[in-house]
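Notes follow the structure.
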Amino acid sequence: MNQARLELMLCGGTGCRASGSHPFKDALAAEITRRELDGEIRIVETGCNGFCAVGPVMLVLPEDVFYQKLRPEDVPELVEEHLIKGKVVERLLYKDPGTKKRIPLMHDIPFFSNQMFWAMRNKGYIDPEKIDEYIARDGYFGAARALTEMSPEMIIEEVKTSGLRGRGGAGFPAGVKWEFASKTQSDIKYTLCNADEGDPGAFMDRSILEADPHAVLEGMIIAARAIGSSKGYIYCRTEYPLALARLGLAIKQAREYGLLGKDILGSGFDFDVEIYQGAGAFVCGEETALMRSIEGRRGMPRPRPPFPAHKGLFNKPTVLNNVETLANVGQIILHGGERYASVGTETSKGTKVFAISGDVNNIGLVEVPMGITLRKMIFEIGGGIPKKRKFKAVQLGGPSGGCIPEHLLDTPVDFEEIAKVGAIMGSGGVIVMDDQTCMVDMARFFMDFIQEESCGKCTPCREGTRRILQIVERICEGHGVPEDIETLEELSVVIKNSSLCGLGQTAPNPVLSTLRYFREEYDAHVYEKRCPAKRCAALLDFKVNEDKCTKCGLCYKACPVDAIVWKKKEVAFIDQEKCIQCLSCFSACKFDAID
Amino acid sequence: MKNIVLTINGKKVSAPPGTSILTAAEKNGIAIPTLCSHEELAPYGACRICLVEEENSGRLMASCVTPVAPEMTIHTDSPRVKDHRKNIVRLMIAEHPESCIVCNKGNRCELRRVAAELGVAETRLYPMPNHKPFETHNPFIVRDLAKCILCGKCIRADHERVAVGAIDYSDRGFSSRPVTLHEMPLEKSRCTFCGTCVSMCPTGALSTHNTFFTGTPETEETTICGFCGAGCSLSLGVSDNRVVEVNPSPDRDTVNGATLCVRGHFAHDFLLSPERLLHPLVRETDEEGNTRLAPTGFDAALSTVAGRLADIKRRNGEESIGFIGSAKCTNEENYLFQKIARVIFGTNNITSTGAAGGHALIREVAEKTKGTCRVRRLSSLENADAIVAVLSDTDHAVPVAGYHIKRAVKKGAPLVVIDPYRSDLAAFGGVWLHPEKGGKSGAFGIDAINALTARLIAEGGVDRAFMDRYANDEHGWLPAISAKDPDALAKQAGIAPERVKQAASMLKNRKIAFVPPCDLLERQNGKALLDALFNLALITGALGDKNAGIFIPALENNAVGALDMGCAPDMLPGWRKISDASEKESVAAMWEAAIPEKEGKDIHAMIEAAEAGTLKALYIMGENPLRSLPDPERVRGALKKLDFIVVQDILQNRTTELAHVVLPGAAFAEKQGSFTNMEGRIQSFIPVVSPPGDALPDWAILAMLARKAGYPEHYTAIEKIRQEIRRVVPSYTALGSHRQEWVKQNGSEIPDSFPLAPLHTPGTGSEPDEKFPFIAYIGSRRWHLGAGTRTARSARITASGRTGEIEIAPADAMDLGIANDSENGGKPIIRLLSPFGAIERAAAVNQGLPKGHIFVPQGFYGNDAMQIADFNALKPPGSGWRNVRVRIEKM
């Protein structure tokens, strides 16, 4: 590989592609060729950088200069100024929303400087479609060590030492899981990777697969070696075409390099991996349902025991690990479990990747050391709440998780601590909500998702989630009666305690946690027929409050159907005949002047 | 492994590891409500009603899927448990239609029962309509899925018990429901209408389609099914002395467990047929010489019978009277029937139409195994090490046996199917050996078995020790077949050699269960095929193993018992040969009567004798030879020549029309008796309803006849007949002492040696020729049993829309220009001609047929298929009447 003078690490993750990284890349490449810089400057399309909010983004190496929100029309200036003259293009740098200063270097940007890249250590630094670049950054060294220097017991011991816990949500110690499977005798065992990420607002696994697919393969090889498995599957959802393509390519390259297949690295160990595409059922992220799905049957959970470590896929001993868990394994084996365990809290070690989204400035992917507070994650890394709104709550752990209100924001990121406040670590979805969010409406949204995704096998989940949705919908529509809240609580407990799988057991969480912290909002809906956050259309008047109206006309501009009558220096008026109750004016008004 | 000790409701109990809490509790008399658990289905954990509380962990767990663990402290009825159960039932009830009063499940509804037990009445939940399909189009099953509680029993029964795969879940969450592929109606799916799901359904979501009854039957009584030889235990729902519903019996250790087939479940409405015989009829002649059957009483009718038969005997000798018994009647009836023939009328002219339907195979196998393999449990077949099904029609002829095979395969037993037709079993899995590249159609089975045998010998996959110890190779079969090239034999059969290799590698060193069809010896080259099969069984050591050997399906409910009772011209009860003087004498001594010297006539000989005028009278019990024998016109001609015909039956039919006296008998549910099934299981039963009109149980009619004919013994009760059977038939010493008994085998399990049959190179038989270029097989489809005498009177079967089209291979249909017609919707009518007759019927393409083969289903259209069959093929040793050369004419 020729060493280039500058390497332009352009993000090619799904987020940046959506915001236009490809047109930019084409323009950039053409300009570089035009200026005859091909030999000295190399464009690398990387996986997700993580800072999706300001995409498309590009990192210039080795200088570490970070450009954001790039457009094709920026190309000539960028090439002329930076690539030729060596001057940083100020206007394309990241601007700190607090200090309003431009920050040129990536590691100085708070979004990055507060993170700790372990599972995502290669993101943005390598071309995910080139195995050599992965190897150049110590890739497959952990697998090599595991296969040539370590016994399965030693691997398991190392992973147990690291304290690595499952990143898919439940947090089961990975080493212990492997130990169970390694001790089960069988002619064939399976190593599975769960890449069926389905929580709304979660995209950690997708980004890791897009940015560093080999890290996952390496983790699988090590896991397979630890349990004595020769066959692996990656269960990845069809909705991730880029991740699937890159995984497929990575598997092909790893086979060519003798890192998958027969006699890996001359160790005598055989292992190969296949991709299995999920068809979009949320419940297939549940391990027993996932296995049934790979078996070619309808993805429905089955009761445990028997646990997969004893009887899993095709009734053979099986370990299933999440993408992020596996991505950590190679480095743990290479550098030892103790290094990994040196970070984190008593029971939660290492780092955790979160996908931050919702009402937050820096929407994107972050990796933080365990033990960091939610406040730090949301306000320092996440850059706080946009439009000067107030923080209301954060939903952690996807639909099965729970919401955490402002006064508990100093809770550290730790499996047990988060569980104590009624949420779950989950796979790492963080949805930040500002004061315009109605918590009852939010519970309705998640219950709608869950009841739709319930597989229908067990009664409490099938009937109960639908029933809760019905009651919450009635409350949102203003038909709530006081007994409804009691019924919600009663049914939630039953669903939680009696459902078959994790989906059902956590299904009432959106209702339980909003009832726990925002009960007054339910009361307002039920007793006063009022939605405090003004999101439940049925409870709103769609009238302008003349006292509060500043006559600014923002609502007038926002209305998509011209239902608002407004003239300069006049109070706005909403024509009820035309109004479609879309809530655009509520969002637009900065003065809370619409009731 | 040691038992696990735990506490349930304060009581210390112990259970083997792996037992569920639910089972452990039930074994100790603690009932836990459940809606989705069934002892024959794998634990599932869907309904969550069976929740129990574990005190130490405070967890609630579904007891049906949680195995017992040491030190568990379980509470099955704590307030917390009850509260959760109540809420779950409340959720179910709240979306359940409020139609209990008009629901067919009525007070048998399990949901209603559980709700009542838990005191759930008002749900205090909002109405939530649950619109799901309501289907009443087929005559068997009504589906009202709004009542479905998604317990999954129907789907699991379909997959786990009968292995059909007609239904599965569709959609998710609240919208999920059991559906067929593409949500087609059941009748357009793979559903076989076995009804297993209907009986398991805890609510009214699935119920029997009844046109003559709604609600809950007054009583439910157990009996044995009178259709095929599986001998399923039934629970008959009775109201107003009518059988209004059928379910599998809840008894334990039945042959069928929770399953049934379409006939057993739904065809019993034939009992209510308007064509049932209600009164004895005697033929009268009016002044103009016209004759008609006039109703009379039993006394008069039986006097006529006794008088006429005595008269004919006196004038024409004993040999002029023939008796045809029935594989449908009970052991007691057949025993009495043959005794009347032999002792009162002094003739061995006694047979049954089982002679044309399966007796030959039972006899041949018994002879080959020297009577040691009489008991072959289907449960052993289910646990087989490997299965070879040859030309097997089990799925249609004896469906419950078919379920056992499929379950064995699901458990992992390798299956090899040898069949030119792609039967349901061939499609099920394993290896299918079929003529891919030509081969002689009539010889296929033998060629295929020989190829497989040669391959197994070549690969050392046989049980040398067993063979050396037991096989007696007097014909030099082993050297002969060992000298053959397995691949050449495979090619001769038209099979790709690799397939035979694959099959051999699957079977190598395994104890194989062989399943021939029940009609094997009614097919071309059947005897030679059985020889080849038997040799293979012998050299693989299959005969010495519990879960292996030859499993013979029996087409009719008491085919085995009728033989055991001596309904055969050359055999006395208990398989005693008439030709064996000492055997004959011992029976004569027990009967205190002389037994005629000469062996009697079989069915073929009787018809020929009638044609020749030497047979003057026939007494036919429970058979309809005009429907069930080949070439019915010839049989009719023969019967018309007789001076006197007595028909004792339950339904008006073509044979009763010819009769001089008709005696109305009772169907199986209407009388006491016993049947012996294909396994050798003797099953006794008592009447569930009384016979219609003046009809009487057949044994009672025979007992009256015996008295009328002057026989001193008075068989006033069935027990008197049983006493005698127990004495005369050594293998039936336990008859009637329990509901279920097993045929006792005499001697050791395995005799000293078995002879290996010679190597067969089959004759051409009726290979197709230019004039008749196709080879037809007359076989069963599940809708009709055999000739369909009873199933054709079932209103449900006749309404099922199954019309028994003549099935033609796709390539032949193309050649004949029939394929296009059928694509246009209408089914083309064809005329099928054989050297013996012709039939006209609609034709349909069967993708599973090889070129040149025609399948003609039996039982439809008055069983007209017999018109193309050759009566002379019945003549022993039998040349296979079920195969016949034919040609097709387009209409």
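The values are calculated or read from the model by the stated rules, or taken from the named source; none is laboratory data. Small disclaimer: the values here were computed from a predicted structure and weren't measured. Counting neighbours? That spans all protein chains shown, and the Cβs are built from the backbone with ideal geometry, glycine included. Only protein heavy atoms, including side chains, enter the accessible area calculation; ligands, DNA and RNA are left aside. Shrake-Rupley method; radii C 1.70, N 1.55, O 1.52, S 1.80 Å.
Things to note:
- Qualifying residue in region B:540-550 (condition: part of a loop (DSSP other than H, G, I, E, B) and on the phi > 0 side of the Ramachandran plot): yes
- Subset of region A:62-87 (residues that are buried (at least 17 other Cβ atoms within 10 Å of the Cβ) and under 21 Å from A:G39 (Cα atoms)): A:V65, A:V75, A:L78, A:V79, A:H82, A:L83
- B:P127 assigned to a loop (DSSP other than H, G, I, E, B), within 10 Å of chain A (Cβ to nearest Cβ) and at pLDDT below 95: yes
- Selected residue [open to solvent by 50 Å² or more (accessible area, probe 1.4 Å) and either in contact with a Pro (Cβ under 7 Å, 6 or more places away or on another chain) or under 28 Å from B:R422 (Cα atoms) (or both)] from B:D531, B:D485, B:D519, B:D468: B:D485
- Residue check, B:A163 aliphatic (A, V, I, L, M) and outside any loop (DSSP other than H, G, I, E, B): no
- Residues of region B:352-374 satisfying the condition of being under 19 Å from B:L538 (Cβ atoms) and hydrophobic (A, V, I, L, M, F, W, C): B:L361, B:I362, B:V365, B:A366, B:C373
- Remark: pairs (first residue in region B:112-134, β-branched (V, I, T); second residue open to solvent by 40 Å² or more (accessible area, probe 1.4 Å); Cβ separation under 7 Å; 6+ apart in sequence or on different chains) = B:V120/B:K86; B:V120/B:I93; B:T123/B:I93.
- Given (1) under 21 Å from B:N138 (Cβ atoms); (2) in a loop (DSSP other than H, G, I, E, B), number of the condition B:G289 does not satisfy: (1)
- Qualifying residue in region B:318-328 (condition: open to solvent by 10 Å² or more (accessible area, probe 1.4 Å) and either under 29 Å from the mean Cα position of the chain (by Cα) or not assigned by TED's automatic domain parsing to the domain that holds B:A588 (or both)): yes
- Residues of region B:358-386 that are more than 24 Å from B:P877 (Cα to Cα), touching a helix residue (DSSP H, G or I) at 6+ places or on another chain (Cβ under 6 Å) and open to solvent by less than 20 Å² (accessible area, probe 1.4 Å): B:L378, B:L381, B:A384, B:A386.
- Matching residues, region B:22-56, being within 12 Å of chain A (Cβ to nearest Cβ), of a type in the set (G, A, S) and either outside any loop (DSSP other than H, G, I, E, B) or open to solvent by 10 Å² or more (accessible area, probe 1.4 Å) (or both): B:S37, B:A42
- Verdict on B:E122 being of a type in the set (D, E) and more than 26 Å from B:G58 (Cβ to Cβ): yes
- In region B:343-377, the residues that are assigned to a loop (DSSP other than H, G, I, E, B) and modelled with pLDDT of 90 or more: B:F345, B:G346, B:T347, B:N348, B:N349, B:R377
- Taking strands (runs of 3 or more DSSP E) as the structural unit, those lying wholly within region B:773-890 and holding at least 1 residues that are charged (D, E, K, R) correspond to B:806-808, B:829-834, B:837-845, B:883-890.
- Those residues of region A:151-198 which are over 25 Å from the mean Cα position of the chain (by Cα) and basic (K, R), in sequence order: A:K160, A:K183, A:K189
- Of all residues making up region B:159-198, the number that are open to solvent by less than 10 Å² (accessible area, probe 1.4 Å) and either hydroxyl-bearing (S, T, Y) or within 13 Å of chain A (Cβ to nearest Cβ) (or both): 5
- Helices (runs of 4 or more DSSP H) fully within region A:157-248 that include at least 1 residues being among the aromatic types (F, W, Y) and over 19 Å from A:L334 (Cβ atoms): A:174-183.
- Checked against the criterion of being in contact with a Phe, Trp or Tyr (Cβ under 9 Å, 6 or more places away or on another chain), in a loop (DSSP other than H, G, I, E, B) and open to solvent by 20 Å² or more (accessible area, probe 1.4 Å), region A:140-153 contains not a single residue that satisfies it.
- Of everything in region A:303-342 that is aromatic (F, W, Y) and within 14 Å of chain B (Cβ to nearest Cβ), the residue that is surrounded by the most Cβ atoms within 10 Å (Cβ to Cβ) is A:F307.
- In region A:440-524, counting only helices (runs of 4 or more DSSP H) that sit wholly within it, the ones holding 1 or more residues that are among the small types (G, A, S), surrounded by 23 or more Cβ atoms within 10 Å (Cβ to Cβ) and away from every other protein chain (no Cβ under 11 Å) span A:509-517.
- Here is the figure for region B:182-233: residues that are free of Cβ contacts under 8 Å to residues at least 40 places away in the same chain, over 23 Å from the mean Cα position of the chain (by Cα) and assigned to a strand (DSSP E or B) total 1.
- Residue check, B:V5 more than 14 Å from chain A (Cβ to nearest Cβ) and either among the hydrophobic types (A, V, I, L, M, F, W, C) or in contact with a Cys (Cβ under 9 Å, 6 or more places away or on another chain) (or both): yes
- Candidates B:A605, B:A581, B:A548, B:A588 - the one that is under 30 Å from B:G264 (Cβ atoms) and not charged (D, E, K, R): B:A548
- Summed over region B:664-684, residues that are small (G, A, S) and either within 14 Å of the chain's Cα centre (by Cα) or part of a strand (DSSP E or B) (or both) total 4.
- Subset tally (residues that are more than 7 Å from chain A (Cβ to nearest Cβ), under 46 Å from the mean Cα position of the chain (by Cα) and not in a loop (DSSP other than H, G, I, E, B)) for region B:57-94: 11
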